[in-house]
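Asker: I have a structure here, written as C-alpha cells, and I will follow up with some questions on it.
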Amino acid sequence: MKPDALYGVLAEFRTADALLEAARAAKAAGYRDVEAYTPFPVEGLDQALAIPPNRVPLAALVGGIAGGAGTYFLQWYSAVIDYPVNIGGRPLHSWPSYIPATFEITILGAALAAVAAMLIMNGLPRLTHPLFAVPEFDLATRNRFFLCVRARGPRFDAERARAFIATLDPLCLCDVPA
Amino acid sequence: MSAQPVSRDVGVLRAGWGYTSVQDKIADAVLAGFWTWRWWSAFALTFAGTLVFFAAIGYLFVTGVGIWGVDIPVAWGYAIGNFVWWIGIGHAGTFISAFLLLLRQKWRTSINRFAEAMTLFAAGIAGLFPILHLGRPWFFYWIVPYPDVMDVWPQWRSPLVWDLFAIGTYLTVSLVFWYVGLIPDLATLRDRAATRGKQIAYGLLALGWRGEARHWARYETAYLLLAGLATPLVISVHSVVSLDFAIGIVPGYHSTIFPPYFVAGALLSGFAMVLTLAIPLRRYFRLHDFITEVHLDHAAKLMLVTSLIITYSYAVEAFMAFYSGGEQEIYVLTDRWTGAYAPVFWMMLALNSALPMLLWWRAVRRSAAALFAIALLVNVGMWSERFLIVVQSMHRDFLPSAWGMFYPTAWDWVHLLGSIAFFAFLFLLFIRWLPAISIAEMKALVKESADKPEEVASEA
C-alpha cells in the first residue's frame, strides 16, 4: 500500500437510494471509514453512515453569548465607568436602552460563529483534495452519488474493498490516489 | 439499476424535471446563458443610471445636503424616507428564506435565492442614505464604538446608534446567509464551467466544497441556525428603524404601534418587490415550471395579509390620535387628510389599502400581468407612506411659527431614481454571474416530488 499510496476506493451510483443501500451495506460489512458525496443533502444518509450529531449549535451558542455579553459590557463600561455623562438625571446604567445593540450583536455573534464552526469543522476552505483528481467526481455536484471507502488503518485491504464495492453494483469503481 | 427520479407536478414544481435538467436550466443561464439584447439594454440603462447616481453622490459630497429640499422644520426629507423604504424592501427576502424555511414551506425553494439577493442589495442601498444624509458624511464612523483619541463614546440611548447595530448586523447576516446558501451551487458551477477563468473564480468561491455527507450535515445545521437567527433579526431591524421615529416626541412619530406597523409595511413592500423581480425573471428565463402560479398566488396572499395589517395600523393611528385628546396629535392627523400633503395620503391609502383588495380574487393572484402592475403600484404606495411619515409629521410641529413646507428638488429625485437604477443594476449583475435559483435545493425538491408527491403538494 505504501508506495502507490491510496486515498480510498470510490464507487459511483445513479440514485440516492442506491447510495443509501450501499452505505448501509458498507457499514454492515464492517467498513468504518466510509464517506458519501451527494449533490444535495440526502435524507437518511446521516443514519446510514452513523454520523454523530455535530457541534455547530454549541459554537452558535457560545458566539451568541460572547456577542451579547461583550456588547452589554461595552455599553455599561463606556457609559458608567469610562465616560459617565449626566443627561437630565437619567441613570448612567440605563439598561433598557442597552438592549437593542445587545440583541443585535447576540444574533451577529451566533450567526458568524455557526458559519465559522461549520467551515472549520468541515476543513474548508480547501484548495485541493485527492477526490478532485478523479475525473468522474465532477458529477458529485451534478447528478451522481458517490461512496468512498477510505484507505485508513492497518487492516485496510484495497483488493477486498474493491471486491466488496463491486458487489454493490456501482456505475463505476475507481481508485483515488492519495 | 433504477432510473433517476423525475419530478411530478406538485404545484411549486411542474412535472418532467430531473437532477440534470434542473441544473442545466439554472446553471446554463449563468454559464452559457442567452444574454440577448433585452438583457444588454437593461444593463446599459441601469448602468447609466448607476453612473448618474454616483455622480450625484459626488456632487452631494462636494456641495452639501443643501442641494436637497431639506431645511428646518423638515430636516428629514427623501433621504430618510428612501432609507426606510429600501430597508423595508429587504425584509421579504429574509422572510422567505428564514421564516418559510423554519415553517417548511416548499414554495420558498425556487424563490429564496434571488429574494435574498434583493435583500442584500436593498439593505446595502438603504445603508447608504443615512450616510448621504449626514452633513459631514466622512465622519459617519463616529457612531461606531471604538477606543478613539477623542475619548468619547456613542450615545447608547439614541435609536440612531441602535440603527447602526441593527442595519450592520442585518447586512452581515444577510450576506452570510446568502453566501452559505450559494456554496454548493458555486461548487456545481465550478465543476460545470468550461473555461479556466470561471473554474478558478467559482472554485475559489466554492471554498473546496465537495458534497461530503458529513459536510452536508454540519451545513444543514448551520443553515437552519442561520434561519432561526435571521427570523427575530428581521423583526428587530424594522422595529429599530421605527424607533428612530417613535422615540422622538414629534406628533405623528410618537406612537407605540410603530414597530409592528413598520414591520408589516416592510413585508408588504418587500413582497411587492419580490413579485416585481420574479415576474420578469421567470418570463426572461422561461422559468414557468419553477416559479409557478402557486408561487405568485402565495406571495400575493402575503401581500394581502400585510396590506390588511397596515390598514389596521392606519386606523389605530387615527383612533389613538383622537383618543389621546392631544390637540397637536389630532391636528397633524387631520392635516394629513386635508393639508398640503393630502394627495400623498390619499394615494397611499388607495395603493396600500384599497388596491391590494383585488388580491381577494384568485384570478388576479394567478395573473402575472395583474400582479406585476399591483406590485409596482404598491411599491409606489409604500414609498408614499415613508414620505408621509417623515415629512408631513415634521412640517407641522408643536410651534406654529416653525411650520414650513418641504419641496423636493431635482437632486432629491436623482438620488431616489438613481438608487433604483443602482438596485436594478446590481440585480442584473447577480443573475448574470450567480444562479438565481438554488440548484441543490431544487434537486432535493425533484427527489421529494418524485418520492412523495402528495405530501409536497399539500405542504406547498
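Asker: Roughly how many Å is it from the Cα centre of the stretch B:1-52 to that of the stretch A:86-101, as a whole number?
Answerer: Going from one Cα centre to the other spans 52 Å.
Asker: In chain B, with Lys and Arg counted as +1 and Asp and Glu as -1 at Cβ, which of these residues, B:V62, B:I111, B:G90, has the Cα nearest the positive end of the dipole, that is, farthest along it?
Answerer: B:I111
Asker: Please give the charge dipole size of the stretch A:73-178, origin at the Cα centre, charges +1 on K and R Cβ atoms and -1 on D and E Cβ atoms. Round to the nearest 20 debye.
Answerer: 160 debye
Asker: Let me ask you something else. When Rg is the radius of gyration of the Cα atoms in the protein assembly as shown and Rh is its Kirkwood radius, what does Rg/Rh come to?
Answerer: Across the protein assembly as shown, the Cα-based Rg/Rh ratio is 1.02.
Asker: Let me ask something else about it. Mind listing the Cα extents of the stretch B:149-279 along all three principal axes, in Å, largest one first?
Answerer: Answer, in whole Å and largest first: 61, 49, 29 Å.
Asker: Towards the positive end of the charge dipole of the stretch B:295-452, with charges on Cβ (+1 Lys, Arg; -1 Asp, Glu), say which of B:H395, B:A444, B:A354 has the farthest Cα.
Answerer: Going by the Cα projections, it comes out as B:A444.
Asker: Tell me, in nm to one decimal, what length is gained between B:K301 and B:W360 on full extension, where the rule is 0.36 nm per residue of separation less the Cα-Cα distance?
Answerer: 20.4 nm
Asker: Kirkwood hydrodynamic radius, computed over distinct alpha-carbon pairs, for chain B: how many Å, to one decimal?
Answerer: After inverting the pairwise mean of 1/r, the radius is 23.4 Å.
Asker: Can I ask one more? Whole angstrom only: what separates the Cα centroid of the stretch B:403-460 from the Cα centroid of the stretch B:147-200?
Answerer: 17 Å
Asker: Rounded to the nearest 100 Å², what's the accessible area chains B and A bury against each other, both chains counted, probe 1.4 Å?
Answerer: Counting both chains, the buried surface is close to 5700 Å².
Asker: What translational diffusion coefficient, to the nearest whole µm²/s, does the stretch A:102-166 have by Stokes-Einstein, given a Kirkwood radius computed over alpha-carbon pairs, a temperature of 4 °C and 1.567 mPa s viscosity?
Answerer: Stokes-Einstein gives a translational diffusion coefficient of 83 µm²/s.
Asker: Give me the extension gain from B:I249 to B:T172: residue separation times 0.36 nm, minus the current Cα-Cα distance, reported in nm with one decimal.
Answerer: Contour length minus Cα-Cα distance gives 24.6 nm.
Asker: Peptide B:165-178: average number of partner chain Cβ atoms within 10 Å per residue?
Answerer: Whole-number average of other-chain Cβ neighbours for B:165-178 is 4.
Asker: Can you compute the charge dipole magnitude of chain A about its Cα centre, using +1 on each Lys and Arg Cβ and -1 on each Asp and Glu Cβ, nothing else charged? Give it in debye, rounded to the nearest 20.
Answerer: Value, rounded to 20: 320 debye.
Asker: Per residue of B:227-233, what is the mean number of Cβ atoms on other protein chains within 10 angstrom of that residue's Cβ?
Answerer: Mean shielding count: 4.
Asker: What nm distance separates the two modelled labels at B:Y141 and B:T256, each placed 7 Å from Cα along Cα→Cβ?
Answerer: Taking the two extended label points, one gets 4.1 nm.
Asker: Mind checking A:120-133 for the average number of partner chain beta-carbons within 10 Å of each residue's beta-carbon?
Answerer: Counting other chains' Cβ atoms within 10 Å and averaging over A:120-133 gives 4.
Asker: Could you give the size of the charge dipole of the stretch B:188-231 about its Cα centre, using +1 on the Cβ of each K and R and -1 on the Cβ of each D and E, expressed in debye and rounded to the nearest 20?
Answerer: Charge dipole, the stretch B:188-231, about its Cα centre: 220 debye, nearest 20.
Asker: By how many nm would the segment from B:L376 to B:W433 grow when fully extended, if each residue of separation counts as 0.36 nm and the alpha-carbon distance is taken off?
Answerer: Length gained, B:L376 through B:W433: 17.9 nm.
Asker: Provide the per residue accessible area, probe 1.4 Å, for chain B, rounded to a whole number of square angstrom.
Answerer: Result: 38 Å² per residue.
Asker: Report the number of Lys pairs in the protein assembly as shown whose alpha-carbons are under 18 Å apart, with separation of 8 or more residues or on distinct chains.
Answerer: Lysine pair count for the protein assembly as shown: 7.
Asker: Now a separate question. Evaluate 2.2 N^0.38 Å with N set to the residue count of the stretch A:40-178, then give the Cα radius of gyration divided by it.
Answerer: 1.79
Asker: In the protein assembly as shown, carbon and sulfur make up what percent of the accessible area (probe 1.4 Å)?
Answerer: 67 percent
The values are calculated or read from the model by the stated rules, or taken from the named source; none is laboratory data. Since this is a predicted model, take the numbers as computed values, not measurements. Cβ coordinates were reconstructed from backbone atoms using ideal geometry, including for glycine residues, and neighbour counts include every protein chain displayed. The area values use the complete protein model at the heavy-atom level, side chains included, leaving out ligands, DNA and RNA. Shrake-Rupley method; radii C 1.70, N 1.55, O 1.52, S 1.80 Å.
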